[in-house]
Amino acid sequence: MQDENSHQVVMIGAGPSSLAAAIYTTREDIDTVIFEKGVIGGLAAVTDQIDNYPGFPKGIAGLDLSTDLQAQAERFGAKIVLGEVTKIIDKGEYKELETSEGIHKAQVVLIATGSSYKKLDVPGENEFYGKGVHYCATCDGAFYRDKKLVVVGGGNSALQEGLFLTKFATHIDLLVRSEVKASEILQHELEKAVAAGKITVHLGVEINEIVGQNGSVIKVAATQNGKSVDFPTDGVFVFIGLYPNTGFLQGSNIKLDERGFVLTDQNLQTNIPGVFCSGDVRSSATMQIASAVGEGATAALKIREYLENLERRKLTPTTQLAQLAS
């Protein structure tokens, strides 16, 4: 494979896991190209503050961490292409990738497409997306300065992003379907925000509809403990979990678990030799940036071993004897 669209390694997704992997592969002069259809850094890039990544005692902005990872990978020679991979075809010795930038070939593929925010799937959600319904506080929070907001969810993301939104909103109604399940430190911060009158927590809430008027959201219609209730608001931020970005793998014969995450062996290799997976899109992933980075490093080492084995298999007995003699 000698043309410009042929590579040793193609990584799909430019989140922390693949950027970490690329640092390792490119330092060993392994030709590495990363395809990213959205934001470099993935969900990490749109997270306001990351407080649990080792080495940053005061925390670090998600965008800053993503930018630093990108710069480090590019420093060693990784090439990032803003484009979408739509299909992986196993050709045996190489993998053919159908992309928005044409057909590319690779000896090895790393799937590190991460995950995306789940939706409520209620009337009004799609209609008002970007016009009152949002999934990224860092991206859109500043539009709601001195406004009233609803945040949906009771996990770490909901509390972290809800607390961030208190910088802008006059008040936040936190709507939780069952109970708050965030980490202890976030729950402690929530208690302080509640005491300060910045956030009100509502438990046992099922969202029925996001209602708008004249092109803007005006309320969330819900059921709480069997009773209908409305939450007037200027905007809704939804943080109810994640789903894997594996839609492009349909028809690829790569095995997924029952939730759609990629299955791998102990070497982070899928059921197709030469196709690896790391980070949040992998089945049994912990959904933590630190572990995604660690898996990226591990995947890079396994990819190197795979490429070395490929080269060994290509050597004929005559060639091997000649190399030993030289």
Per DSSP, the loop-located GluC sites (Glu not before Pro) within the stretch 150-197 having at most 13 other beta carbons within 10 Å are Glu179
Cross-link reach from Lys255 to aspartates and glutamates, straight Cα distance under 14 Å and at least 8 residues apart if same chain, gives Asp90, Asp265
Between Thr86 and Arg259, the two model label points (7 Å from Cα along the beta-carbon direction) sit apart by a distance in nm of 3.0
Expected unfolding gain across Ala297-Arg145 under the 0.36 nm per residue rule, minus the alpha-carbon gap, is 50.7 nm
Per DSSP, the loop-located GluC sites (Glu not before Pro) within the stretch 1-43 having at most 16 other beta carbons within 10 Å are Glu4, Glu28
Summing +1 per Lys or Arg and -1 per Asp or Glu among the other residues with Cβ less than 10 Å from Ile207's Cβ gives -3
Between (1) 65, 55, 42; (2) 59, 40, 40; (3) 81, 42, 31, the structure-derived Cα extents along the principal axes in Å is (3)
To the nearest 10 degrees, the tilt of helix 184-195 (Cα long axis) against the first principal axis of the alpha carbons of the chain is 30
Looking only at lysines whose Cα falls under 20 Å of Lys118's and that sit 8 or more positions away or on another chain, we get Lys37, Lys131, Lys181
Stretched fully, the stretch from Ala61 through Gln250 gains (0.36 nm per residue minus C-alpha distance, one decimal, in nm) 64.6 nm
Rounded to the nearest Å, the spacing of the alpha-carbon centers of the stretch 69-100 and the stretch 245-267 is 18
Calculated from DSSP helices alone, with each H run of at least 4 adding -39500 (n - 2.57) and the total divided by the residues of the chain, [θ]222 nm to the nearest 500 comes to -8500 deg cm²/dmol
With a Förster distance of 41 angstrom and the Cβ-Cβ distance between Glu184 and Asn214, calculated FRET efficiency to the nearest 0.05 equals 0.45
Candidate cut points under trypsin sites (Lys or Arg not before Pro) in the stretch 80-163, DSSP loop plus at most 16 other Cβ atoms within 10 Å of their own Cβ, are Lys91, Lys118, Lys119, Lys131, Arg145, Lys147
Quick shape check on the stretch 237-310: root eigenvalues a ≥ b ≥ c of the Cα gyration tensor, a/c under 1.5 is rounded, otherwise prolate if a/b tops b/c, else oblate, and it reads oblate
Of the stretch 27-53, those with amide N under 16 Å from the point 7 Å along the Cα→Cβ vector of Phe76 are 27-34
Rounded to one decimal in Å, the inverse mean reciprocal Cα-Cα distance for the stretch 73-131, i.e. its Kirkwood radius, is 14.8
Under the rule rounded for a/c under 1.5, else prolate if a/b exceeds b/c, else oblate, using alpha carbon gyration tensor axes a ≥ b ≥ c, the stretch 119-238 is classed as oblate
Close lysine pairs (the stretch 52-110; alpha-carbon distance under 19 Å; 8 or more apart or on separate chains) counted at 6
Once Lys and Arg are counted +1 and Asp and Glu -1 for all other residues with Cβ under 15 Å from that of Lys255, the total becomes -2
Per its Cα gyration tensor (rounded if a/c is under 1.5, else prolate when a/b beats b/c, else oblate), the stretch 171-257 is best filed as oblate
So, over other residues within a Cβ distance under 14 Å of Gly102, counting Lys, Arg +1 and Asp, Glu -1, the net charge is -4
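Where a number appears in this text, it was derived from the coordinates with a stated rule and is not lab data. Just so we're clear, the structure is a prediction, and the values are computed from it rather than from any experiment. Here Cβ is always computed from backbone atoms with ideal geometry, including for glycine, and neighbour counts include all displayed protein chains.
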